[in-house]
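Here the structure is laid out as structure tokens; the discussion comes afterwards.
The values are calculated or read from the model by the stated rules, or taken from the named source; none is laboratory data. Note that the structure is predicted; figures quoted are calculated from it, not measured. So basically every Cβ, Gly included, is an ideal-geometry build from the backbone, and we count neighbours across all protein chains shown.
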Amino acid sequence: MPRLAVVSVHDVTPAHEDRLRRIMVMLAESGVTRTSMLVIPDFHRGWDLRSHPRFVDWLHQLEADGHEIVLHGLYHSDPTPSAGTVYQKLLRHVYSKEGEFYTLSYQEAVDRLTQGLEMFTSLGFTPCGFVSPAWMHNEEVVRAVQQMGFRYLTSLGGFTDLTTDRTIRAPAVCFSPRTWTAAAISTLYCVALARLVDQDPVVRIAIHPGDIVRPMITARLLSILDRTRRTRRFVAYQDLLEAPVR
Ligand SMILES: [Zn+2]
């Protein structure tokens, strides 16, 4: 069986349209013609997809070309920034303040998933996967995602098939473009991680809009993609549901 690689494009919203278009061109030039695109219905409550028909048309074109549309939160901003345990507060502080689903209850998660799905349906998208913003969620959220009929969920460390509870361990190679220092450290980390997971059945490469404006990240990303392309087939997350991989 050929080894697989999933490239996920995060934070797909009209707010980042220019960067996203550059990323998709870069990926096409690198031979990546199938990705999972993590789309936010209304980024920060100011970028409602329904107000951006040209962007939605572009997503439909990408889907027709073989890319997968995945639901990625509803607003991508944390509604409960001071909730949670001491550990959750700390992690949120050092890792991300955008963990929208991190401390939601089951019902709150169901409500947001319902809104996101309704919006997607009205725009003609039928996602089978969900990825929490910043990969931050809790057990109640996982239960809600499963209950709402999603077939898979991903975390920083792997991919879970919610129909069978099978988890494929595959830590995401993910850069941090926020500051120059974070970019430099994450570049070293990602190069090391890419080597570490080289023999794994599935490799995951996560790309954020900010990656394309950091030349040091773009350069490393291109070399990782080039090496990956030589030994693996690029698939979308939804393809892992059918793949005989553990
Ligand atoms: Zn995100």
So, in segment 57-78, of the ones that are in a helix (DSSP H, G or I), more than 16 Å from Asp239 (Cα to Cα) and not aliphatic (A, V, I, L, M), which residue ends up nearest to the ligand (Cβ to nearest atom)?
-> Trp58
Of the numbered conditions (1) closer than 17 Å to Leu123 by Cβ; (2) surrounded by 16 or more Cβ atoms within 10 Å (Cβ to Cβ), Asp11 fails exactly one; give the number of that condition.
-> (1)
Is there any pair linking a residue in segment 120-132 that is in contact (Cβ under 8 Å) with a residue 24 or more places away in the chain and of a type in the set (Gly, Ala, Ser) to one that is within 15 Å of the ligand (Cβ to nearest atom) and part of a loop (DSSP other than H, G, I, E, B), with Cβ under 9 Å and at least six apart or on different chains, and which?
-> Ser132/His72; Ser132/Gly73; Ser132/Gly99; Ser132/Glu100; Ser132/Phe101; Ser132/Tyr102; Ser132/Ser155
Do you know which residues across segment 1-52 are among the small types (Gly, Ala, Ser), in contact with a helix residue (DSSP H, G or I) (Cβ under 7 Å, 6 or more places away or on another chain) and in a loop (DSSP other than H, G, I, E, B)?
-> Ser30, Gly31
Checking Val173 against (1) part of a strand (DSSP E or B); (2) farther than 18 Å from Arg34 by Cα, which test does it fail?
-> (2)
May I ask you to list the residues in segment 169-192 that are aliphatic (A, V, I, L, M) and surrounded by fewer than 19 Cβ atoms within 10 Å (Cβ to Cβ)?
-> Ala182, Ala184, Ile185, Leu188, Val191, Ala192
Scan segment 44-58 for residues that are more than 11 Å from Glu17 (Cβ to Cβ) and in contact with a Ser or Thr (Cβ under 6 Å, 6 or more places away or on another chain) and jot them down.
-> His44
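Here's the yes/no breakdown for (1) surrounded by fewer than 19 Cβ atoms within 10 Å (Cβ to Cβ); (2) in contact (Cβ under 8 Å) with a residue 24 or more places away in the chain; (3) in contact with an Asp or Glu (Cβ under 7 Å, 6 or more places away or on another chain); (4) closer than 24 Å to His16 by Cα:
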position	(1), (2), (3), (4)
Arg143	yes, yes, no, no
Gln147	yes, yes, no, no
Phe159	no, yes, no, no
Arg214	no, yes, no, yes
Which of the following residues is touching a helix residue (DSSP H, G or I) at 6+ places or on another chain (Cβ under 6 Å), more than 12 Å from Val6 (Cβ to Cβ), of a type in the set (A, V, I, L, M, F, W, C) and at pLDDT 95 or above: Ile212, Ile217?
-> Ile212
Restricted to segment 65-111, and to residues that are of a type in the set (S, T, N, Q) and modelled with pLDDT under 95, which residue is surrounded by the most Cβ atoms within 10 Å (Cβ to Cβ)?
-> Thr103
Segment 23-43 residues that are touching a residue at least 12 places away in the same chain (Cβ under 8 Å) and farther than 17 Å from Ala236 by Cα, paired with ones that are aliphatic (A, V, I, L, M) and more than 16 Å from the ligand (Cβ to nearest atom) (beta carbon under 6 Å, 6 or more apart) | Pro41/Met119
Listed by range, helices (runs of 4 or more DSSP H) wholly within segment 84-169 having at least 1 residues that are closer than 26 Å to Glu63 by Cα, within 16 Å of the ligand (Cβ to nearest atom) and within 16 Å of the chain's Cα centre (by Cα) are 106-122, 139-147
Out of all the residues in segment 195-209, which are away from the ligand (no atom under 14 Å from the Cβ) and in contact with a strand residue (DSSP E or B) (Cβ under 8 Å, 6 or more places away or on another chain)?
-> Val197, Asp200, Pro201, Val202, Val203, Arg204, Ile205
